[in-house]
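J.: Take a look at the following structure, please.
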Amino acid sequence: MAITGLLVHALKKDVVSVEKAVSLISEMTSYGIHQDQYVVVVVEAPSDRLEKVVEQLDNIDGVLAVYTTYLTVEDEIDEDGNLQTNLSLKEVCKQTPEN
């Protein structure tokens, strides 16, 4: 499970509706509005789903940008220090652009 802190930058006129939309997404918790233009959000989701979950924020009307402030996946690291996810190395390599 990844735990991520985010600031969702929104248009001032839309920040309240953006905060309400964030509150409706199951993996997200809103901690309110900061400086009349940012929604403070914590996401708890499997690391292999994190990108899709954050994409949901980008699709909310009024969102200008999403900034990552914190990320941890410690509970997915085994005793040997290897990250345990549902992704295989082949899947990850397919997503990486070639040099």
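The values are calculated or read from the model by the stated rules, or taken from the named source; none is laboratory data. On a predicted model such as this, the values are computed, not experimentally measured, just so you know. Every residue, glycine among them, receives a Cβ derived from its backbone with ideal geometry; neighbour counts consider all protein chains shown.
J.: In segment 6-99, which helices (runs of 4 or more DSSP H) lie fully inside it and hold 2 or more residues that are of a type in the set (Val, Ile, Thr) and at pLDDT below 95?
T.: Working: elements: 15-23, 50-58, 89-95.
Qualifying helices (runs of 4 or more DSSP H): 50-58.
J.: Within the set of pairs 6+ apart or on separate chains, which have a first residue in segment 1-30 that is under 14 Å from Val66 (Cβ atoms) and without any contact (Cβ under 8 Å) to a residue 12 or more places away in the chain, a second that is among the hydrophobic types (A, V, I, L, M, F, W, C) and surrounded by fewer than 21 Cβ atoms within 10 Å (Cβ to Cβ), and C-beta atoms under 9 Å apart?
T.: Here the result reads Ser30/Val40; Ser30/Val42, each pair linking segment 1-30 to a residue that is among the hydrophobic types (A, V, I, L, M, F, W, C) and surrounded by fewer than 21 Cβ atoms within 10 Å (Cβ to Cβ).
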